[in-house]
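These notes concern the structure reproduced below.
The values are calculated or read from the model by the stated rules, or taken from the named source; none is laboratory data. As the structure is a computational prediction, the values presented were derived from the model and not from experiment. When we count neighbours, we look across all protein chains shown, and the Cβ atoms used for this are built from the backbone with ideal geometry, even at glycine.
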Amino acid sequence: MTNSSILTLDKVTMRFGGITAVKDLSIDIPKGAIVGLIGPNGAGKTTVFNVITGFYKATEGHVLFDGRDITGVPPHLVCRAGISRTFQNIRLFSTETVLQNVMVGCHVRRSAKWWMAPIGLPSFTREEKAIRERSMELLASLRLDSVADEVSSSLPYGAQRRLEIARALATRPKFLLLDEPAAGMNPQETQELMGFIREIRDRFDVTILLIEHDMKVVMGVCEYIWVLDYGEKIAEGSPEVIQSDRRVIAAYLGEEFVHHAEN
Amino acid sequence: MNRKTRNLALTGIAIALLAFFIWWAQGNLDGYKIQVTNLVAVNAILALSLNLIYGFTGMFSLGHAGFMALGAYVNALLTLTQDQKTTMWILDPIAWPFSVMHAPFFLSVVCAGLVAAFVALLIAIPVLRLGGDYLGIATLGFAEIIRVVLTNLSSITNGALGIKGIPGHANLWWNYGWFLITLFFMIRLINSNFGSVLKAIRDDEIAAKNMGINTFFYKVVSFTVGAFFAGVGGALMGSLTTTIDPKMFSFALTFNVLMFTVAGGLGSITGSVIGSIVITVLLEWLRIVENPVTIGSFEIPGIPGMRMVLFSLALILIILFRREGIMGMKEITWDGIFDRSKRGGKSE
Ligand SMILES: Nc1ncnc2c1ncn2[C@@H]1O[C@H](COP(=O)(O)OP(=O)(O)O)[C@@H](O)[C@H]1O
Ligand SMILES: [Mg+2]
């Protein structure tokens, strides 16, 4: 681990009534890294994202972002602080065009106020134009510029996932969370996605935390991985370490496969 | 000539044509037709205002009659003369300062809108904090409360007797002037990125929050601005009919506005305008069925209330066969008309 971390979970516990979805989880994510959070279905991964982005308030523990305690900060302010995410079940603004979706992402960094729109102040018009241009650039970098005027719900699945990433980048995040970005993609799209993820980190200078079931993606792009099972961290380390970890294999495939793997 | 200049010119021509039509109508149409034409403009303002709240921001609100009532009463109090007020208030003498306040018509309509907007703000802040589906019920209750208050606050409103002889300033020029202001406001707002933000809240509030949008703030703004124009519409309607009373602002009025908006298309500005024209004219035309009809030697007696039955039937048919309304979420734009080849042209 490097010296400066962008996000720290400090003994985070998230309970829903009787269920403990995340239990006493501490992780430390270094600035500029691409890291992964894996685990079987229902392990609590998405819940971790919801705690970080302010949709859930941690029952116990703290979330520190860039040295600031953001535990319990509402989602729109978490975004303003510099965290953005995509969703496991794609959540686009389905009636709006591809371009409008990304432009909505630019909203959080703009200075004009809503009442300037009907009046049409020059400063408003200028900003509006700048937002449009920046959004087109973002679309181009995710190869979506050719469908900018299509309604977002009409895009194929893989393109919708890329659009969600473009929209998240429009908020100018320092930290980007991707929830199963390769889900539903074909092998070629998945291959491209891996390229995009690295490219995005370098071009936009973001730290990326991703949840993913496709082990090719996880092992291919992540520098460091945390493994959750039943809300608890059962392992962490580099891809090589995780791949040969007994508890990880047991959690994913069942105890009987451990011997198999060891032989 | 680039697109922007062309569209500006086309808009100019359209407004000039509308002005010409109004000038012509004043000299050539009978009083009844002029009244219907006036109603079209006022209804379009109301439909646009509800579309902002419900169609574009996705908040189901049933309070329009309440905001219209506020607008109509404020305008009445500001345009009646002091003499009119002192003679008309029979139940209770009119209270100061309502007895003396007065404003020119334009200012009076603006005040009507502002009062409606202010009250909307007071409702929106607590109710929208609750989030979810409480708005429909809360606004419905609000509109009823307004009616009760108007009936009982007789030292200001003249109670159940209502107000008569409101100066009929709201002629075609004023109504269509306000209609154009509303239309212009809506087009500018909805076509801007702020319009996209409202639609984002409607489409997926969670994703909108995640994009850094203070959804509570924008819902309050949308609701308040919508109420402003509802107040304006109410003021014009009161001035148009010259008589108002609390009974006039019942749920049926909200229902009518809802119908203009839904029939035109939720989330379509052009839809609200077309919906208002079609339904206003249809409602008037349906009056025929309430008059006795003679076919040959048969005489069919008129049935009072029949037009609302037919109207409701028409609405059921719309909901069954064209739920998205006449326009759906589509718009008619200059670009859409003139550059059919280029798809998805931005309106501006
Ligand atoms: N809002 C909620 N209310 C109740 N239980 C929840 C809620 N969100 C998540 N859970 C529970 O937390 C557990 C972890 O879910 P989740 O984080 O979605 O898992 P993963 O993303 O790893 O598949 C599940 O048992 C799920 O039912
Ligand atoms: Mg999940």
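Just a few scattered comments:
Condition check ((1) among the β-branched types (Val, Ile, Thr); (2) surrounded by fewer than 17 Cβ atoms within 10 Å (Cβ to Cβ); (3) closer than 30 Å to A:Phe87 by Cβ; (4) within 14 Å of another protein chain (Cβ to nearest Cβ)) across all residues:
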{"site": "B:Pro104", "(1), (2), (3), (4)": "no, yes, no, no"}
{"site": "B:Val109", "(1), (2), (3), (4)": "yes, no, no, no"}
{"site": "B:Ala124", "(1), (2), (3), (4)": "no, no, yes, no"}
{"site": "B:Gly131", "(1), (2), (3), (4)": "no, yes, yes, yes"}
{"site": "B:Arg147", "(1), (2), (3), (4)": "no, no, no, no"}
{"site": "B:Thr157", "(1), (2), (3), (4)": "yes, no, no, no"}
{"site": "B:Ile166", "(1), (2), (3), (4)": "yes, no, no, no"}
{"site": "B:Phe194", "(1), (2), (3), (4)": "no, no, yes, yes"}
{"site": "B:Asp203", "(1), (2), (3), (4)": "no, no, yes, yes"}
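Residue by residue, here is whether (1) within 8 Å of chain B (Cβ to nearest Cβ); (2) over 15 Å from the mean Cα position of the chain (by Cα); (3) of a type in the set (Gly, Ala, Ser) holds:
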{"position": "A:Ile90", "(1), (2), (3)": "no, no, no"}
{"position": "A:Val98", "(1), (2), (3)": "no, yes, no"}
{"position": "A:Ser111", "(1), (2), (3)": "no, yes, yes"}
{"position": "A:Met116", "(1), (2), (3)": "no, yes, no"}
{"position": "A:Leu121", "(1), (2), (3)": "no, yes, no"}
{"position": "A:Arg126", "(1), (2), (3)": "no, yes, no"}
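- Hey, A:Leu228 away from ligand 2 (no atom under 16 Å from the Cβ) and surrounded by 18 or more Cβ atoms within 10 Å (Cβ to Cβ) or not: no
- Under the condition of being in contact with a Pro (Cβ under 9 Å, 6 or more places away or on another chain) and at pLDDT below 95, the residues counted in segment A:65-89 number 0.
- Residue match in segment A:155-167 (condition: at the interface with another protein chain (Cβ under 9 Å from one of its Cβ atoms), of a type in the set (D, E, K, R) and out of contact with any Phe, Trp or Tyr (no Cβ under 6 Å at 6 or more places or on another chain)): yes
- Scanning segment B:181-218 for residues that are in a loop (DSSP other than H, G, I, E, B) and touching a Ser or Thr at 6+ places or on another chain (Cβ under 8 Å) gives B:Asp204, B:Met211, B:Gly212.
- Being of a type in the set (Lys, Arg), within 14 Å of chain B (Cβ to nearest Cβ), away from ligand 1 (no atom under 16 Å from the Cβ) and touching a residue at least 12 places away in the same chain (Cβ under 8 Å) is a condition met by no residue of segment A:56-72.
- A:Arg15 meets all of the listed conditions (1) touching a Ser or Thr at 6+ places or on another chain (Cβ under 6 Å); (2) within 14 Å of chain B (Cβ to nearest Cβ); (3) more than 16 Å from ligand 2 (Cβ to nearest atom) but one, namely (2).
- Test result for A:Pro75, in contact with a helix residue (DSSP H, G or I) (Cβ under 6 Å, 6 or more places away or on another chain), within 16 Å of ligand 1 (Cβ to nearest atom) and more than 24 Å from A:Val221 (Cβ to Cβ): yes
- Matching option when the condition is modelled with pLDDT under 95 and crowded, with 21+ Cβ neighbours inside 10 Å, among B:Phe249, B:Phe260: B:Phe260
- Residues of segment A:78-104 that turn out to be surrounded by fewer than 24 Cβ atoms within 10 Å (Cβ to Cβ), β-branched (Val, Ile, Thr) and within 16 Å of ligand 1 (Cβ to nearest atom), as a count: 1
- Any hit, segment A:35-43, residues being more than 15 Å from ligand 1 (Cβ to nearest atom) and more than 14 Å from chain B (Cβ to nearest Cβ): yes
- Filtered residue count, segment A:44-55, keeping only those that are within 10 Å of ligand 1 (Cβ to nearest atom) and of a type in the set (Gly, Ala, Ser): 1
- Filtered residues of segment B:280-327 (kept if touching an Asp or Glu at 6+ places or on another chain (Cβ under 9 Å), among the hydrophobic types (A, V, I, L, M, F, W, C) and assigned to a helix (DSSP H, G or I)): B:Met306
- Check on B:Val221, at pLDDT 95 or above, within 14 Å of another protein chain (Cβ to nearest Cβ), within 13 Å of the chain's Cα centre (by Cα) and under 26 Å from A:Glu127 (Cβ atoms): no
- Segment B:224-253: number of residues that are of a type outside the set (Phe, Trp, Tyr), away from chain A (no Cβ under 14 Å) and more than 23 Å from B:Thr37 (Cβ to Cβ): 5
- Test: B:Ala76 is farther than 21 Å from B:Arg147 by Cα and surrounded by 14 or more Cβ atoms within 10 Å (Cβ to Cβ): no
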